[in-house]
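The values are calculated or read from the model by the stated rules, or taken from the named source; none is laboratory data. Computed from a predicted model, the values in this text were never measured in an experiment. Cβ atoms come from the backbone with ideal geometry, glycine included; neighbour counts cover every protein chain shown. Note: areas computed on protein heavy atoms with side chains; ligands, DNA, RNA excluded. Shrake-Rupley method; radii C 1.70, N 1.55, O 1.52, S 1.80 Å.
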Amino acid sequence: MFRDDFVWGVASSAYQIEGRDANDGAGAMIWDKFIAEGGTKDGYGAEVACDHMHRYKEDFALMRLMGIKAYRFSISWARLIPEGTGKVNEKAVALYRDMILEMKKNGIEPYLTMYHWEFPQVLQDRGGWLNEEVIQWFGEYAKVVAENFSDICENFITLNEPECFVGIGHMSGWHAPGLHLPYKDVFQIAHNALRAHGQAVINLRKYACRPIKVGYAPTCGMAYPYSNKPEDVEAARKVLFGFYQPMDNWTWNVAWFSDPVFLGHYPKEGLEKFAEYLPEITEEDMELIHQPLDFMGQNIYNGYYIRAGKDGEPEFVDRAPGFPKTGSDWPVTPEAFYYGIRFLTERYPLPLYITENGMSCHDNISADGRVHDPNRITFLDSYIGAMQRASDEGADVRGYFLWTFLDNFEWSDGYKQRFGIIYVDFATQQRIVKDSAFWYQKVIETNGGILSMNQANKEILFLDPVCTHNIWGGTKLREEFGYPVEGDDIGECWGISAHPNGDGTIRNGAFSGMKLSAVWKEHPEVFGNYDCDRFPLLTKIIDARDDLSIQVHPDDDYAKVHENGSFGKTECWYVLDCKEDTKMVMGHHAKTKEELVKAIENDDYDHLLNKFD
Ligand code: NOJ
């Protein structure tokens, strides 16, 4: 099961949702130019996107309603420092501070990502990530971030998916800044980005006004084995941390981007393979890159299917025709999530947060006005289940940020991909809660208890109740209900109860013979990890030979004080059977205490009591 303090969140990035405002003071950044030059699907840009910069209050209120506990968002470097260095845009400081405070007001813990691909254009014109000055530029940006937000935000992430912005931005040119640079330059960019990360960690901590937590959020295709034979598992691990990508996709590599950060060195195999393209790498560089971190983030979406070939070397296995895919055509591979988490936590010595995971679907508004997205629920159920499996087996996973809350601008794909659990009608900016958001709400509420994997083989528990003898008791509990109890004074049957006075015994299944209170305590998952200090239900059947009187407490506080910390008893009583002429008495007619005392002294119960048939 997940830890009690497991962080259930959603993730987003600034440019994909915020939108712009002519007076916001933001500087231009590389995506503005890339879009203007026609780099995205159908020419769409993110001038409005989800208009989140004007609607964040409603968006965070909706997040709260969905029970979301944490939010990974990014701030835009060029919005905060329009020229990339130097003058700070106070409007941006005010906007982001208000956003963070609003999150917190809604009980949502902020996780701030510094760089989610929005490089300031002014600095791009000076060489961008290729210019070694970027280490100072990014360091200065980190200082500004720490000075302006560390009093209200505790968690920071430096870079989002360096594999992606280095490779797709500078090699295949499919993302901004849309470049096709030679390998040598791309290796330099990767090295600069890692050094900039290190400098940012130093400055975030140095200029923060209190101790903060810092992490890093790389990505990559994971790898999962064809079978659970040790040789296949080993082959998958080898692919995950090895160098099997063709050269024109070399940045898609876990070890190159994570070993230096988490272990303090580049992988030996890579140093040999890439030797001819590498920049000078010094000991000081490695020290700078290898800063102590509080957590490891990882964005995971899918993975390669791998087995050990005849020579023991990994082999990529073709998936069967019709293999399930997401709207973006990515394979649905929950096994890769399980193995990815296992492999990563085995290799790197830090707690893991899944900083992104989710799927795009072809969502649509149905005739009932709602958005039903069962595919996404199936996807998330299997992925989160896989995460639970890894965690149950010992992987230190501390949090999960679903990508994403609102449908948004999916970079080069424009608005073609809907990744959100909240549908956004981009023409009207209306938000519609998708079924998956309601489902995720339940996952959070039960700490994973409603996942299918926790429902499997769940039997209905039947109980042998506790029956009690009372001077007013009768015989119906034996004669009519069939409980095997001797005597003519059987007053109560504690039917469904874990109360110390009548703790039922499980009659069937895996827990047979255990007291209900013990199953409740030792197996919270059976009850969906319901958050309550005791079993919350008590069902009794009572049989009285003559009169029966019931007292109820007005509320929890009264009950706690007057009955040993008992619950207030929200009670519901049904009369199942009674003699023909039975009267029910509820309350009395006395209007004052004096009237009540007098009626009692005079034995005048006929007038005092409120009776009915
Ligand atoms: C990775 C990126 O960090 C995010 O910006 C993107 O939208 C999602 N994955 C989905 O492609």
Practice task
Tell me which of these E594 doesn't satisfy, since it passes every other one: (1) of a type outside the set (G, A, S); (2) over 43 Å from the mean Cα position of the chain (by Cα); (3) under 24 Å from C467 (Cβ atoms).
Solution key: (3)
Problem - Pairs, first among the small types (G, A, S) in the range 408-433, second within 14 Å of the ligand (Cβ to nearest atom) and open to solvent by less than 30 Å² (accessible area, probe 1.4 Å), C-beta under 7 Å, six or more apart - result: S412/T40; S412/H175; G414/T40; G420/T404; G420/F405; G420/L406; G420/D407; G420/N408
Handout entry: Failed criterion for G394 (all others in (1) within 16 Å of the ligand (Cβ to nearest atom); (2) in a loop (DSSP other than H, G, I, E, B) hold)
Key = (1)
Completion exercise
Sole miss for Y400 among (1) within 16 Å of the ligand (Cβ to nearest atom); (2) closer than 30 Å to G38 by Cα; (3) in a strand (DSSP E or B) is condition (2)
Completion exercise
If we keep only residues of the range 321-334 that are away from the ligand (no atom under 12 Å from the Cβ) and in a loop (DSSP other than H, G, I, E, B), then the residue most open to solvent (accessible area, probe 1.4 Å) is P321
Problem - Which listed residue is under 27 Å from D59 (Cβ atoms) and either assigned to a loop (DSSP other than H, G, I, E, B) or open to solvent by less than 10 Å² (accessible area, probe 1.4 Å) (or both), from D381, D363 - result: D363
Practice task
Please find, among K238, K206, K229, the residue that is away from the ligand (no atom under 16 Å from the Cβ) and farther than 19 Å from G309 by Cβ.
Solution key: K206
Practice task
Please tell me if I541 is hydrophobic (A, V, I, L, M, F, W, C) and touching a Gly at 6+ places or on another chain (Cβ under 7 Å).
Solution key: yes
Problem - Search result, residues across the range 463-490 that are touching a Lys or Arg at 6+ places or on another chain (Cβ under 9 Å) and surrounded by 17 or more Cβ atoms within 10 Å (Cβ to Cβ) - result: L463, P465, C467, G473, G474, V485, I490
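Within the group N148, N160, N131, which residue is more than 15 Å from the ligand (Cβ to nearest atom) and under 20 Å from Y96 (Cβ atoms)?
Working: N160 fails: more than 15 Å from the ligand (Cβ to nearest atom); N131 fails: under 20 Å from Y96 (Cβ atoms).
The match here is N148.
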Exercise for the section: Check off (1) touching a residue at least 60 places away in the same chain (Cβ under 8 Å); (2) hydrophobic (A, V, I, L, M, F, W, C); (3) within 21 Å of T158 (Cβ to Cβ); (4) open to solvent by less than 30 Å² (accessible area, probe 1.4 Å) for L263 and give me the number that stays unchecked. Expected result: (4)
Practice task
Please specify each residue of the range 2-51 satisfying the condition of being in a loop (DSSP other than H, G, I, E, B), away from the ligand (no atom under 14 Å from the Cβ) and on the phi > 0 side of the Ramachandran plot.
Solution key: G19, G25, G38, D51
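So, in the range 288-311, of the ones that are open to solvent by 20 Å² or more (accessible area, probe 1.4 Å) and in contact with an Asp or Glu (Cβ under 7 Å, 6 or more places away or on another chain), which residue ends up nearest to the ligand (Cβ to nearest atom)?
Of the range 288-311, the ones open to solvent by 20 Å² or more (accessible area, probe 1.4 Å) are 288, 290-294, 301-302, 304-305, 307-308, 310-311.
With the extra rule that they be in contact with an Asp or Glu (Cβ under 7 Å, 6 or more places away or on another chain), the set shrinks to 307-308.
On the way: R307: 28, A308: 30 Å.
Applying the filter and picking the extreme gives R307.
Okay, residues lined up against (1) in contact with a Cys (Cβ under 6 Å, 6 or more places away or on another chain); (2) among the β-branched types (V, I, T); (3) over 28 Å from Y266 (Cβ atoms):
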| position | (1), (2), (3) |
| --- | --- |
| I300 | no, yes, no |
| T326 | no, yes, yes |
| D329 | no, no, yes |
| G340 | no, no, no |
| R347 | no, no, no |
| I354 | no, yes, no |
| H372 | no, no, yes |
| D381 | no, no, yes |
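Looking at the range 335-355 only, could you name the residues that are open to solvent by 10 Å² or more (accessible area, probe 1.4 Å) and within 16 Å of the ligand (Cβ to nearest atom)? Break it down stepwise before answering.
Residues of the range 335-355 that are open to solvent by 10 Å² or more (accessible area, probe 1.4 Å), as a first pass: 335, 339, 342, 345-347, 349-351, 353.
Hit for the range 335-355 is Y353, nothing else.
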Exercise for the section: Check off (1) away from the ligand (no atom under 16 Å from the Cβ); (2) touching a strand residue (DSSP E or B) at 6+ places or on another chain (Cβ under 7 Å); (3) small (G, A, S) for G420 and give me the number that stays unchecked. Expected result: (1)
Exercise for the section: Return yes when D59 is more than 16 Å from the ligand (Cβ to nearest atom), open to solvent by less than 20 Å² (accessible area, probe 1.4 Å) and not hydrophobic (A, V, I, L, M, F, W, C) and no when it is not. Expected result: yes
Practice task
State yes or no: is D581 farther than 21 Å from G502 by Cα and either open to solvent by 80 Å² or more (accessible area, probe 1.4 Å) or among the polar types (S, T, N, Q) (or both)?
Solution key: yes
Exercise for the section: Considering only the range 162-205, state which residues are under 16 Å from Y115 (Cα atoms), among the polar types (S, T, N, Q) and open to solvent by 10 Å² or more (accessible area, probe 1.4 Å). Expected result: Q199, N203
Exercise for the section: Could you list, in sequence order, all residues of the range 96-123 that are open to solvent by less than 30 Å² (accessible area, probe 1.4 Å) and either within 16 Å of the ligand (Cβ to nearest atom) or over 25 Å from the mean Cα position of the chain (by Cα) (or both)? Expected result: Y111, L112, T113, M114, Y115, H116, W117, E118, F119, P120, Q121, L123
Problem - Residues within the range 512-535 that are free of Cβ contacts under 8 Å to residues at least 24 places away in the same chain and either in contact with a strand residue (DSSP E or B) (Cβ under 6 Å, 6 or more places away or on another chain) or open to solvent by less than 80 Å² (accessible area, probe 1.4 Å) (or both), tallied - result: 9
